[in-house]
């Protein structure tokens, strides 16, 4: 018998970074951690775009990757923490209560986030990049939205990446930013919160 999922609320969370510049490869710009003891987070969809506000002096590969984090014992820090209260992000305003599980979410300002104490998967679940032309400001890079279409659940309508207590996702800069380039990350996450049942 597969797992079940008692849905509490469905959410769509979107945020933008600050003007991100000079970032090394493998540095974080978005993190979401489930800090709730009993509720789970089911990630359904990730959307990432990048706006180049100041062009690079040479052609620059721009990209990101996503890794799952487990055993997240010390929360991430830096950047801007999202205040997830009231009806924020809820697809149904009648879904009761405040956001409980996906309540530890932050995005970078001008520099990378600190991951905290977390075990990241060795290999990414998502990885994508594109070549940006030299000296071009205003280019908007739209990465292919990623839908998690695998499911650990008996009911195959319930599809997603299941994050239990102290698990989460980390989005990282794939390639070191080149000279002069500045950009802004936009991240949207579609997710459910609920109780895993057997």
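The values are calculated or read from the model by the stated rules, or taken from the named source; none is laboratory data. What you see is a predicted model; the values in this text were computed from it and never measured. A quick note on method: Cβ atoms are made from the backbone with ideal geometry, for glycine too, and the neighbour counts reach across all protein chains shown.
Tabulated data for the structure shown
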| quantity | calculated |
| --- | --- |
| Residue within the stretch 51-65 that is farther than 20 Å from residue 178 by Cα and in contact (Cβ under 8 Å) with a residue 24 or more places away in the chain present | no |
| Residue count for the stretch 10-42, restricted to those that are more than 14 Å from residue 101 (Cβ to Cβ), surrounded by fewer than 21 Cβ atoms within 10 Å (Cβ to Cβ) and under 12 Å from the mean Cα position of the chain (by Cα) | 4 |
| Identity of the residue in the stretch 118-148, in a loop (DSSP other than H, G, I, E, B) and closer than 28 Å to residue 73 by Cα, that ends up modelled with the lowest pLDDT | 148 |
| Residue 195, sole failed condition from (1) surrounded by fewer than 20 Cβ atoms within 10 Å (Cβ to Cβ); (2) over 12 Å from the mean Cα position of the chain (by Cα); (3) modelled with pLDDT of 90 or more; (4) in a strand (DSSP E or B) | (3) |
| Qualifying residue in the stretch 91-102 (condition: within 20 Å of residue 44 (Cβ to Cβ), surrounded by 13 or more Cβ atoms within 10 Å (Cβ to Cβ) and at pLDDT 90 or above) | no |
| Filter result for the condition that a residue is out of contact with any strand residue (DSSP E or B) (no Cβ under 8 Å at 6 or more places or on another chain) and under 25 Å from residue 3 (Cα atoms), over 192, 149 | 149 |
| The stretch 173-192: number of residues that are under 30 Å from residue 131 (Cβ atoms) and assigned to a strand (DSSP E or B) | 10 |
